[in-house]
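Note sheet for the following structure.
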Amino acid sequence: MEKKLNDSYWESRYQKRETGWDIGEVSTPLMEFFNSIDNKNLKILIPGCGNAYEAAYLHSNGFKNVFLLDFAESPLIHFQKNNPDFPKQHLIHQDFFTHLGSYDLIIEQTFFCAIDPILRKKYVEQMHQLLSAEGKLAGLLFDCQFETEGPPFGGSKSEYEITFYPFLRFEKLESCHNSISQEVGKSCFS
């Protein structure tokens, strides 16, 4: 990979407003998933959170134990400015692969597709370390390949089943039909 996908790279993308992945709101599949959760005390992590519309939605719906993690500092600062009642100590400017903690739920929203594919096994191992004994990873994964060099990097259901085994197993991994129009048929929800 010629691009070094480090904190400087991602900070530069935010500073230049090169955030084509940002849909400007929480995605429908995640919003519907959040609406199905009864336990508002879950400890939730959103790694590679970006502008964190998911966190704003969760927080405004009574979830008070939501933590944001990002390599780039700009989106965290922007989020805090737009959500001043969100606990500042829940904003974590850190490399996901060095983060320690235990979470009941980790949300996947454009993070897996943003990391270099050679780090995918390491991602799965780190997720396994961060999840509590009964914890779950939930979110969206691309079910397609892209014509241009990433990020984003695509993938497939069969690849994910191999990559996530033996550390994590899917309760479900199905096509996502309620995605934004340009992603219908190109993503799956786990």
Report summary line: Residue-ordered couplings for segment 141-148, obtained by feeding phi - 60° into the Karplus form 6.51 cos²θ - 1.76 cosθ + 1.60 and rounding to whole Hz (Gly and Pro as x), are 10, 5, 10, 6, 10, 9, 6, 9
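Determine, from the Cβ-Cβ distance of LYS43 and SER12 and an R0 of 22 Å, the FRET efficiency 1/(1 + (r/R0)^6), rounded to the nearest 0.05.
Computed FRET efficiency for LYS43 and SER12: 0.10.
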Requested in this report: For the chain, just say rounded, prolate or oblate: build the C-alpha gyration tensor, square-root its eigenvalues into a ≥ b ≥ c, call rounded for a/c under 1.5, and beyond that prolate if a/b exceeds b/c, oblate if not.
Outcome: rounded
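What is the sum of charges around HIS99, taking Lys and Arg as +1, Asp and Glu as -1, for the other residues whose C-beta is under 13 Å from the C-beta of HIS99?
-2
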Requested in this report: Taking amide H positions as placed in the peptide plane 1.01 Å from N, state which residues far from ASP143 in sequence (5 or more) or on other chains have amide H under 5 Å from it.
Outcome: SER187, CYS188
Report summary line: Restricting to aspartates and glutamates and to Cα separations under 15 Å from LYS16, and discarding same-chain partners fewer than 8 apart, the set is ASP7, GLU73
Report summary line: Highest GNM mean-square fluctuation among GLY24, GLY139, GLY155, for the chain with Cα springs under 10 Å, belongs to GLY24
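Considering Cα pairs under 8 angstrom that are at least six residues apart, work out the relative contact order of the chain and quote it in whole percent.
Dividing the mean separation by the residue count of the chain yields 19 percent.
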Query raised in the report: Shape of segment 1-99 from its Cα gyration tensor (a ≥ b ≥ c, root eigenvalues): rounded if a/c is under 1.5, otherwise prolate when a/b > b/c, or oblate?
Result: prolate
Report summary line: For LYS172, counting only lysines whose alpha-carbon sits under 20 Å away and dropping same-chain residues fewer than eight positions off, the answer is LYS121, LYS136, LYS157, LYS186
Query raised in the report: Using +1 on the beta carbon of Lys and Arg, -1 on that of Asp and Glu, and nothing else charged, what's the dipole of segment 28-189 about the Cα centre, debye to 20?
Result: 360 debye
Report task. Obtain the nm distance between the two label points defined at GLU134 and LYS121 by a simple spin-label model: each point lies 7 Å from its Cα along the Cα-to-C-beta direction. Result -> 3.3 nm
Query raised in the report: Taking neighbour counts of Cβ atoms within 10 Å as a proxy for exposure, in what order, fewest first, do THR28, THR148 appear?
Result: THR148, THR28
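Rule-based calculations on the coordinates, nothing more; no lab input. Note that this is a predicted model, so its numbers are computed, not measured. As a convention, Cβ positions derive from the backbone with ideal geometry for all residues, glycine included, and neighbour counts pool all protein chains shown.
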